[in-house]
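Inspection log for the structure reproduced underneath, given as structure tokens.
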Amino acid sequence: MQRLKMINTSSFCEAKKKVAILGSTGSIGQQALGVIRAFNSKAQIIGLAGGENLELLERQISEFQPKMFYSSVKPNLAYKGEFLSMEEIASHPEVNLVIIATSGKAGLSPMLAALRAGKVLALANKEVLVMAGEIITKEAECHQAQILPIDSEHSAVWQCLQGEKSKPRRLFLTASGGPFYCYSQLQLSQVTVEQALHHPTWKMGRKVTIDSATLMNKGLEAIEAHWLFTIPFEDIEILVHPQSIVHSIVEFMDGSMKAQLSQPDMRLPIQYALFYPERLPNPELPLLDWSKIQSLNFEPVDYNKFPCLKLALDAGKLGGTYPAVLCAADEVAVELFLDNKVTFTDIPRIVEKTLEQHASIAQPSLEQILAADAWAREYAERSSLCHCEHPTVIARNEVTKQSPRFLACLFSTLRASARNKLRNLRIAR
Ligand code: MG
């Protein structure tokens with residue numbers, strides 16, 4: 001909470017925003033450009049960084065004419081702007097607001113560069129706070145940099161905290177429950193990629209859509225909220241709210257609660273972070289029509305059906321390098337699912353197995369976090385061959401039972417199992 005209260009609103013709202021968007025070709029990046037297009041007298045694009053979608057990046061460059069740009073594949077553009085790294089763009093003196101809309105660990109290094117340069121950061125890439133929350137929040141304090149949330153739940157909490165002087169007692173992060181909340185365990189094991197990519201209320205990128213369906217996304221958001229608002233995990237609760245109208249609720253010490261409500265549209269939290277503390281009218285944003293809302297439902301989450309949420313909360317509470325391992329294993333498992341190599345219910349299995357096998361380091365350095373990330377990616381990939389129920393994986397294992405890779409994996413599993421049994425025996429004694 002203190003971090004978000006550090007914002008110097010008087011100087012910040014008057015200046016024209018000189019914006020760099022890292023991840024401009026992703027879902028949040030494109031929506032952020034849409035908001036800037038609608039308010040071009042109040043914000044100017046200085047830098048754009050995209051991934052491999054060169055065609056889209058070229059169109060964005062041609063429309064917004066940034067002074068600098070980056071792409072993971074260097075484009076051959078007849079364009080006078082400078083090609084710089086994401087770190088150079090994020091810390092450039094001409095930029096005063098950096099939108100981190102990358103996914104996974106890609107945003108970590110540029111985010112640290114922006115913090116060290118004292119920029120205002122609008123953060124959509126939750127994984128960076130999950131992986132390295134302690135390092136990032138320390139750097140933000142040290143350099144008086146400001147982190148503004150773009151994630152809808154965290155933006156809601158931030159909006160509810162406006163004008164409040166005392167700390168909240170509890171945060172209630174809402175979750176739509178995703179497309180499979182009413183599914184049985186059997187139905188969950190048969191979910192297809194196409195079904196999982198169809199979210200009932202939000203329009204998002206592929207990785208976050210799958211994370212929303214497994215509820216891993218809500219677990220990552222709880223860790224993100226823990227760091228952004230300096231609130232213990234015990235005081236963060238998850239509520240299933242299928243309509244996605246209430247984006248989060250804050251309970252204060254006197255029992256009073258505030259909630260932020262709107263149609264589910266990411267452009268609203270993007271716009272709030274961009275022009276905070278101003279609330280600007282945007283005719284493109286849909287308004288709530290109360291005559292069409294018959295009810296708002298809330299219910300506790302079913303942790304047994306969605307084990308990813310519990311895994312994320314446990315990793316967050318344990319801290320150390322566990323959250324980085326959680327993120328990396330999840331990224332690998334989601335990628336394998338999207339490639340039709342594992343089933344939907346294999347995702348938590350792979351993440352859990354990887355977390356179980358990890359020896360966490362307390363208060364890790366950035367290098368140790370990145371090493372844990374690399375280890376987890378390799379382990380998750382390998383363990384997917386041993387512990388999945390996907391028919392092709394089972395068939396592959398039947399064929400390759402005698403392969404050195406399978407035997408190494410089997411040996412590693414048996415060794416870990418024996419080690420766990422021995423440890424339990426020692427504890428029992
Ligand atoms: Mg969210």
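We did not get these values from a lab; they are worked out from the coordinates using the rules stated. Because the structure is a prediction, the values reported are computed rather than measured. A quick note on method: Cβ atoms are made from the backbone with ideal geometry, for glycine too, and the neighbour counts reach across all protein chains shown.
See the values below:
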| read-out | value |
| --- | --- |
| For segment 154-198 and segment 30-48, distance of Cα centres in Å | 28 |
| Rounded to whole Hz, the Karplus (6.51, -1.76, 1.60) HN-Hα couplings of segment 28-33, x for glycine and proline | 5, x, 5, 5, 5, 5 |
| Theoretical ellipticity at 222 nm over the chain - DSSP helices of four or more residues, -39500 (n - 2.57) apiece, nearest 500 | -15000 deg cm²/dmol |
| Amide proton proximity set for Lys17, modelled H, under 5 Å, gap of 5+ | Ala43, Gln44 |
| Relative packing of 218-228, 180-190, which averages over residues the other C-beta atoms within 10 Å, highest first | 218-228, 180-190 |
| Neighbour-limited loop hits for trypsin sites (Lys or Arg not before Pro), segment 53-162 (at most 13 other Cβ within 10 Å; DSSP other than H, G, I, E, B) | Lys80 |
| Relative contact order %, the chain, counting alpha carbon pairs below 8 Å whose residues are six or more apart | 14 |
| Per-peptide average of other Cβ atoms within 10 Å, ordering 251-257, 314-320, 154-160, 20-26 highest first | 20-26, 154-160, 314-320, 251-257 |
| Semi-axis lengths (Å, descending) of the ellipsoid that matches the C-alpha gyration tensor of segment 33-139 | 23, 16, 13 |
| Note, ³J(HN,Hα) from phi for segment 237-251, Karplus 6.51, -1.76, 1.60, rounded to Hz, x at Gly and Pro | 10, 10, 10, 7, 9, x, 6, 6, 9, 8, 8, 4, 10, 10, 9 |
| Alpha carbon centroid spacing (whole Å) that separates segment 213-248 from segment 327-368 | 20 |
| Viscosity 1.306 mPa s, temperature 10 °C, Stokes-Einstein D of the chain from Kirkwood C-alpha radius, µm²/s | 70 |
